[in-house]
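What follows draws every value from the coordinates through simple rules; no lab data is involved. Model, not experiment: these values are computed from the prediction. Cβ: placed from backbone, ideal geometry, glycine included. Neighbour counts: every protein chain shown.
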Amino acid sequence: MKNLLIIPVLLFAGSLSAQTFNFEMDHAALVVTDLDKSVEFYKDVLQLKEIKAPGDKDKIRWFTLGNFDQLHLIKTDEMPDIKTRSVHFSLNTQNFDAFVASLESKGVIYTDWPGENFKQSKRPDGVRQVYIQDPDGNWIELNDAKYPSK
């Protein structure tokens, strides 16, 4: 009888380990010291659309990135000391050249991966990329990666 009970338990346990969760990106959150200045940066430079955020508008603001993905800006009094390009979030656009021209017309400094100003990098997979910083020094990668639509 005990052996008969063990088989269903083992089958159930095996199905749990084979389960996948199919995660999708929901949002990225950044801390900023001057929320209004950062909101203007994300609206002007990246041309992101602000959406309604729950809670105090003086402490948190949200932007849509399309496909239900979001960027959350959260006001802080003290920024963490992480200023390396390795810690970044990334956005892609099929209008990469126009975007880079927009950065130049607005006087926004962009760099390649090694950090040379006004230069682009090319990843080993051929994707072109540049990096910019928001007013608090958060790094953002912008690239021309192409993915099948969701």
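Here is how the numbers come out for the structure above:
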| quantity | calculated |
| --- | --- |
| For the chain, share of DSSP beta bridges that run antiparallel, in % to the nearest 5 | 60 |
| Nearest-20 debye value, the chain charge dipole, Cβ charges on Lys, Arg, Asp, Glu | 580 |
| GluC sites (Glu not before Pro), loop per DSSP, at most 15 other Cβ atoms within 10 Å - longest free stretch of the chain | 25-77 |
| Label point distance in nm, Asp58-Glu24, each placed 7 Å from Cα along Cα→Cβ | 3.6 |
| Over the chain: helical MRE at 222 nm, DSSP H runs n ≥ 4 each giving -39500 (n - 2.57), nearest 500 | -7500 deg cm²/dmol |
| Amide hydrogen neighbours beyond the local backbone of Ser90, cut-off 5 Å, H modeled | Glu141 |
| Computed lengthening from Ile82 to Gln94, 0.36 nm per intervening residue step minus Cα-Cα distance | 1.4 nm |
| Relative contact order of region 24-143, pairs being alpha-carbon contacts under 8 Å that are 6 or more residues apart, as % | 25 |
| Modelled label reach - Ala101, point 7 Å along Cα→Cβ, region 37-63 residues with backbone N closer than 18 Å | 45-47 |
| Order of Val108, Val87 - criterion: other Cβ atoms within 10 Å of each residue's Cβ, fewest first | Val87, Val108 |
| Between 0 and 90°, nearest 10: helix 2-18 axis offset from the chain longest Cα axis | 10 |
| Sorted by Cβ density within 10 Å, fewest first, the residues Arg123, Arg61, Arg85 | Arg123, Arg85, Arg61 |
| Loop-located chymotrypsin sites (Phe, Trp or Tyr not before Pro) in region 61-150, at most 11 other Cβ atoms within 10 Å (DSSP) | Phe68 |
